[in-house]
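Let me begin by presenting the structure, written as structure tokens, before commenting on it.
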Amino acid sequence: MGVARIQIRGKFFFEEEEKFPIQGVTYGPFSPRPLDGAPFPDPAGIRDDLARMKECGCNLLRVYHIPPLDLLDAALDHGLRVLITIPWVERTLFWKDRRLLRKIRDHVRRSVRERARHPAIFAYLVDNEIPPDLVRWAGTGRIERHIGSLIEIVREEDPGVLVSYANYPPTEYLHPPSVDFLAFNLYLHRPADLSSYLARLQNLSGEKPLLITEFGMDTLRHSETEQADLLAAHVETVFRSGAAGTVLFSWTDEWFTGGSEISDWAFGLVRRDRSPKLSFHRVQALFQSRKEPLFRRFPLPYAPKFSVVVCNFNGGRFLGSCLRSLQRLHYPAFEIIVVDDGSTDGSRRVLESFQGRIRILYQENLGLAAARNRGIAAADGEIVAFTDADCVADQDWLYFLAAAFQCGELAGVGGPNVAPPPTAAIEAAVAAAPGAPTHVLLADKLAEHLPGCNMAFRRAALEAVGGFLPEFRVAGDDVDLCWRLLDRGDRLGFAPGALVWHHRRSTFSDYLRQQAGYGKAEALLRFRHLDRFRSGGAASWRGRIYSPGAPSLALSSPPIYRGPFAGGLFQCLYPRAEPSWAAVVSSVEWMVLVLSTLPFCHTWPAFLLPALLFSASLVPAAAYGLHREIPRPFATCTNRLLVSVLAFLQPLARGIPRWLVWLRGKPIPRSPRSSHAPSALGTTFCREGVALWSDSGVERMELLGRIQSVLTENGFSYALDTGWSRWDIHVFAGAWWNVRLRTLTEVYPQQRRLIRTAVLLCPSPLAVLCAIGSCLALAAACAAFGPSALVLPAAGAAAGVAWARHGLCLQRRLAELVADAGRRLDLHPVSWRPFGSRIPSSSILPPRDE
């Protein structure tokens, strides 16, 4: 019949190369017709109804029984698709009766086989709204497995067809992993509530499309004007939210169910006699513009200009497809800026082919952050959007970003990045492996982190924080920027419809190199954001990491709020944080522990200890590979084994470089960069710190700001307290020492102040590690060589003395910088000793040590 099947790409449906936004209505059930007992009108009545649906602008109808062939043929003739619900009415303890279970499965198989491959079929729904008390009784897992088995039967009988299950709020927690899209029946009449709940459903759907499969209003209890206003607002809210479409309930007021005609509900767009209601015309005005871009169908109150910045370094393989997708964006005001960061792979030839259509900037290889700053400096737009050269943007990408910016005072907005369908087994394995760039959400619409391949910021916000930090040459610049914006009180939003397809690494070696780069970036981030990292070096996210398709390794099921007696209208699942045991046994530290036991456990049965420790590290990787969602053609045992191997290697590939960079520390500047001479502390210097006197009431916050300036001028790296630490500034002073500054203000009459700054030495992680290693080595040497090994402490003592002297010199140098900062505020160094609490008020000024 020559009609292409609807396909899924990311979070949207496509008919060949065009987006296919679902604009549907439900149809039936009706009283059985005399012709064959099917719950539908006669063929002539069907054709009349479908012609009016086409006139209304619908492109899909949903039916609740297996449709006769004359309906499918009529739908095809009118250019309509059919969403078929396969009902199984045995709402009993079906899993306890094998014959009943077989009957359900045979019914599904027979229903699909009779209509298989008909080009009018859009998708199948294997049932609709299973009651929550039945789900509670059976258990969520059993129902999900049952739905999954029915879905597989449909795919066996009609390969390539789309399949899902129509869920609803009382069983929101049902997540059958094998569905092709999230189908949800939803009746929320307040637009604000609908918008909020759609955001939640978008996150539940992950990388799959969200389709509202029922929504309507009864015109017996509400006026037809109310219905028309509600449906118009619903359609606009659904498409602005980035959902794949909606199905309105229903086409007509005529409705037959349970063996009788229903006369006390009237949800139709048309009446029983098929005369149109006001809602028909309101919906028609929206549906008939389906071919128009979203920014014309549902105009935004304000469409800010975007500057789209693409930073490229040797990305010529995908650069052309990236730029072509950007040129096809459906948005009224944007520019494209490409910053080539010293590429050597032929990217220049690709860029020259776009000369005149985009702005191209060339620079030597300065790193990703510097390239992004170059793009910001050249941008004319109010909002600067970033994507990568290996990304392809959805045509409505900017529209969804702009819509999210207008939902609140947001400094930045981002969206999901989805891997394109894999074409080879290695691509599928790498795409399924952990560690891909993703976003982290604090709430359904608020983010903690936006990935660099899909993020946009107000230019004013970027300028306020100084843009990206050039030290992040490969990765981590996006995380640092997001955290700095959050620390200054800004908010970041998330737009689930603002999608880009992001090519993953194509080989195992490229993937492991990418993870190593992420590990180095995490160490650099830790130097700047100490409070956001755990002691092991991994980031401690306050939000939830978005990882669709990744299995949970929790040992217990997450709690579900069902309401009293399982009667809640909105029953929610509250996911648990990923268990710490999995991170521990997968870490570099665990592998070091395994290796450290080998010299002591090389005989049987002691060898069982390292073997068991190593086996424990394999459990999370094996579980990940076994349960990870992988595209069906590549979900083979071999591929799952490859995914398990990558899941085992990923934390090591990321953790080892992270620890090496962290232990190496930040180098100590060789000479001060300040143009001012160092403060002459003289006898006022104390090993506890520096005391600075102010006659003009200078506060310690001013001093802390000036200390930061002096540290930056002198080339020191430091982190600031964000409210959780006992120090104010943590200075990274080389591989062996860190220095912490803590301030205190003493208040005296006549606005005088004494500001104490404690300069506290803190051994670096490398120093602690070396000390522990030295003690273990000494113990091993004594055990092996006896008293003759006691000469080793002498060498250790000499090294310890040198280490201590180095620390004291650092402490003195930092104290001089604090005094220098104080002098710029007209503060005078004084003796550290306590004074002032018992002296007469006429003699407040402390003695100054000359």
Of residues in the range 678-722 being outside any helix (DSSP H, G or I), within 21 Å of Val747 (Cα to Cα) and open to solvent by 50 Å² or more (accessible area, probe 1.4 Å), the one modelled with the lowest pLDDT: Glu688
Subset of the range 1-41 [open to solvent by less than 20 Å² (accessible area, probe 1.4 Å), over 22 Å from Thr237 (Cα atoms) and without any contact (Cβ under 8 Å) to a residue 40 or more places away in the chain]: Arg33, Ala38, Phe40
Any hit, the range 593-609, residues being within 24 Å of the chain's Cα centre (by Cα) and assigned to a helix (DSSP H, G or I): no
Identity of the residue in the range 309-339, touching a Lys or Arg at 6+ places or on another chain (Cβ under 8 Å) and open to solvent by less than 10 Å² (accessible area, probe 1.4 Å), that ends up farthest from Ala475 (Cα to Cα): Ile337
Members of the range 303-334 found to be assigned to a strand (DSSP E or B) and small (Gly, Ala, Ser), listed by number: Ser307
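One line per residue, one yes/no per condition, for (1) in contact (Cβ under 8 Å) with a residue 12 or more places away in the chain; (2) of a type in the set (Ser, Thr, Tyr); (3) within 28 Å of Arg200 (Cβ to Cβ):
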{"residue": "Trp483", "(1), (2), (3)": "yes, no, yes"}
{"residue": "Arg491", "(1), (2), (3)": "yes, no, yes"}
{"residue": "Gly497", "(1), (2), (3)": "yes, no, yes"}
{"residue": "Thr507", "(1), (2), (3)": "yes, yes, no"}
{"residue": "Lys520", "(1), (2), (3)": "yes, no, no"}
{"residue": "Arg528", "(1), (2), (3)": "yes, no, no"}
Pairs where the first residue, in the range 334-362, is closer than 15 Å to Ser321 by Cα and the second is among the polar types (S, T, N, Q) and in a loop (DSSP other than H, G, I, E, B), C-beta under 8 Å, 6+ apart: Ser347/Asn314
Residue match in the range 793-802 (condition: part of a helix (DSSP H, G or I) and open to solvent by less than 40 Å² (accessible area, probe 1.4 Å)): yes
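I'd like to verify a number: residues in the range 580-630 that are aromatic (Phe, Trp, Tyr), under 23 Å from Ser540 (Cα atoms) and open to solvent by 70 Å² or more (accessible area, probe 1.4 Å), how many?
1
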Residue within the range 777-784 that is in contact with a strand residue (DSSP E or B) (Cβ under 6 Å, 6 or more places away or on another chain) and of a type outside the set (Ser, Thr, Tyr) present: no
Test: residue in the range 369-380 that is surrounded by 23 or more Cβ atoms within 10 Å (Cβ to Cβ) and closer than 30 Å to Phe13 by Cβ: no
All positions within the range 697-753 that are in contact with a Leu (Cβ under 9 Å, 6 or more places away or on another chain) and small (Gly, Ala, Ser): Ser717, Ala719, Ser725, Ala733, Gly734, Ala735
Lone unmet requirement of (1) without any contact (Cβ under 8 Å) to a residue 60 or more places away in the chain; (2) part of a helix (DSSP H, G or I) for His806: (1)
Some residue of the range 127-146 being more than 30 Å from the chain's Cα centre (by Cα), over 28 Å from Phe565 (Cβ atoms) and in the same structural domain as Glu214 (by the TED database): no
Residue in the range 660-670 that is open to solvent by 30 Å² or more (accessible area, probe 1.4 Å) and among the aromatic types (Phe, Trp, Tyr) present: no
Single residue of the range 241-273 satisfying the filter (touching an Asp or Glu at 6+ places or on another chain (Cβ under 7 Å) and open to solvent by 50 Å² or more (accessible area, probe 1.4 Å)) that is nearest to Met217 (Cα to Cα): Trp265
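For the structure I just gave you, tell me whether Phe287 is closer than 30 Å to Gly57 by Cβ and surrounded by 17 or more Cβ atoms within 10 Å (Cβ to Cβ). Full working, then the answer.
Working: closer than 30 Å to Gly57 by Cβ: yes; surrounded by 17 or more Cβ atoms within 10 Å (Cβ to Cβ): yes.
Taking the combined requirement at face value, the residue satisfies it.
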Residues of the range 394-437 classified as hydrophobic (A, V, I, L, M, F, W, C), closer than 13 Å to Val500 by Cα, open to solvent by less than 20 Å² (accessible area, probe 1.4 Å) and within 17 Å of the chain's Cα centre (by Cα), total: 4
Count of the range 42-51 residues which are over 17 Å from Pro119 (Cα atoms) and surrounded by 20 or more Cβ atoms within 10 Å (Cβ to Cβ): 2
Residues (open to solvent by 10 Å² or more (accessible area, probe 1.4 Å) and touching a Cys at 6+ places or on another chain (Cβ under 6 Å)) located in the range 438-473: His449
Exclusive hit being in contact (Cβ under 8 Å) with a residue 12 or more places away in the chain, farther than 22 Å from Phe20 by Cβ and in contact with a helix residue (DSSP H, G or I) (Cβ under 6 Å, 6 or more places away or on another chain), set Arg200, Arg113: Arg113
The lone exception for Gly519 - which of (1) over 30 Å from Tyr197 (Cα atoms); (2) surrounded by fewer than 19 Cβ atoms within 10 Å (Cβ to Cβ) it fails: (2)
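The values are calculated or read from the model by the stated rules, or taken from the named source; none is laboratory data. Computed from a predicted model, the values in this text were never measured in an experiment. Don't worry about glycine lacking a Cβ; one is built from the backbone with ideal geometry, like all the others, and counts go over all protein chains shown. These area figures cover heavy atoms from the full protein model, side chains too; ligands, DNA and RNA do not enter into them. Shrake-Rupley method; radii C 1.70, N 1.55, O 1.52, S 1.80 Å.
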